[in-house]
1. Every residue in segment 154-187 that is within 23 Å of residue 119 (Cβ to Cβ), open to solvent by less than 80 Å² (accessible area, probe 1.4 Å) and in contact with a Gly (Cβ under 6 Å, 6 or more places away or on another chain), please.
2. Do we have any residue at all in segment 86-102 that's open to solvent by 30 Å² or more (accessible area, probe 1.4 Å) and assigned to a helix (DSSP H, G or I)?
3. When you look at residue 194, is it crowded, with 21+ Cβ neighbours inside 10 Å and of a type in the set (S, T, N, Q), yes or no?
4. Can you tell me which of (1) farther than 26 Å from residue 46 by Cβ; (2) modelled with pLDDT of 95 or more; (3) not in a helix (DSSP H, G or I); (4) not hydrophobic (A, V, I, L, M, F, W, C) is the one residue 105 doesn't meet?
5. Looking at the structure I just gave you, is residue 150 touching a Phe, Trp or Tyr at 6+ places or on another chain (Cβ under 6 Å), on the phi < 0 side of the Ramachandran plot and of a type outside the set (Val, Ile, Thr)?
6. Checking the structure you have, find out if any residue of segment 139-151 is among the hydrophobic types (A, V, I, L, M, F, W, C) and either at pLDDT below 95 or open to solvent by 40 Å² or more (accessible area, probe 1.4 Å) (or both).
7. Test each condition in (1) touching a Phe, Trp or Tyr at 6+ places or on another chain (Cβ under 6 Å); (2) assigned to a loop (DSSP other than H, G, I, E, B) for residue 61 and report the one that comes out false.
Amino acid sequence: MTTGSPLLGLRNIETFYLDRLCVLRGLSLSLPPGEIRALIGPNGAGKTTLLKTILGLLRDQPRKGTVEFGGRRLNGLDPDRITALGLGWVPEHRGIFGELTVEENLVLGLWNRSDDRARADLERVHAMFPILHARRAQEADKLSGGEQQMLALGRAFLRRPKLLLLDEPSLGLSPRVSREVLSTLGRFREEGITVLLVEQNARLALEVADYGYVMEGGRIVLEGTAAELREHPDVQSVYLGVQTEESRKGWRLFKKRRRW
């Protein structure tokens, strides 16, 4: 685990919907720079709400607690000011412009960049995702789901964020394509981009991540290195589909008490 000051820090976050439905319940999390960290948990746990809270996309939220990025408090800032500080986001449905070509979508990622690395970064994206170069003149909505996810990741890379938030990147993709897409996150880390990955496919998430969190009921209930979580008996039985205990008569125990 990386030591030093955290890149992202959340302390005692409480986020509400409609002023009465509490989704995040005293959640705290510290994310160091230079790692890929995975956030796993069931539907309704609050994972996407957490990302939206960080990005300032929920009005007047969080109601309680603090969100800090690079030592700066984000509470109350508009989303455009937050992203300008170096946060990137690939939402669940990718957010690409289907009527534009692949290359036009990528060029949008270079918007407002005047540094000398911009053209080199575009070449890096083509190297990471050769299919995007091959189909650069094709309209984005004609791509397959996996190719669209590659395009969304490539465009996010071109913004050169300090921290990239990914929401369910494997959604709707085959296992092979999901693994191909997420395997590129190691390149992001090599380029100095920290990643917070929200993913339903816990097995795949813990393959590509350095560290992970288990989120249930709006709280972080367990955290550890990816290797530790893969070996945790409750993570194995609940999220990885591994049967770890049987009764003396050989019957499977489906109601094993969790140790968190």
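1. Those that are within 23 Å of residue 119 (Cβ to Cβ), open to solvent by less than 80 Å² (accessible area, probe 1.4 Å) and in contact with a Gly (Cβ under 6 Å, 6 or more places away or on another chain): 155, 156, 158, 161, 164.
2. No, the conditions are met nowhere in segment 86-102.
3. Details: crowded, with 21+ Cβ neighbours inside 10 Å: yes; of a type in the set (S, T, N, Q): yes.
It is true that residue 194 is crowded, with 21+ Cβ neighbours inside 10 Å and of a type in the set (S, T, N, Q).
4. (3)
5. Values: touching a Phe, Trp or Tyr at 6+ places or on another chain (Cβ under 6 Å): yes; on the phi < 0 side of the Ramachandran plot: yes; of a type outside the set (Val, Ile, Thr): yes.
Yes: the conditions hold for residue 150.
6. Checked segment 139-151: no residue is among the hydrophobic types (A, V, I, L, M, F, W, C) and either at pLDDT below 95 or open to solvent by 40 Å² or more (accessible area, probe 1.4 Å) (or both).
7. Result: residue 61 fails condition (1) only.
The values are calculated or read from the model by the stated rules, or taken from the named source; none is laboratory data. What you are looking at is a predicted structure, and each value in this text was computed from that prediction instead of being measured. Backbone-built Cβ (ideal geometry, glycine too); neighbour counts: all protein chains shown. Heavy atoms of the whole protein, side chains included, go into the accessibility calculation; ligands, DNA and RNA do not. Shrake-Rupley method; radii C 1.70, N 1.55, O 1.52, S 1.80 Å.
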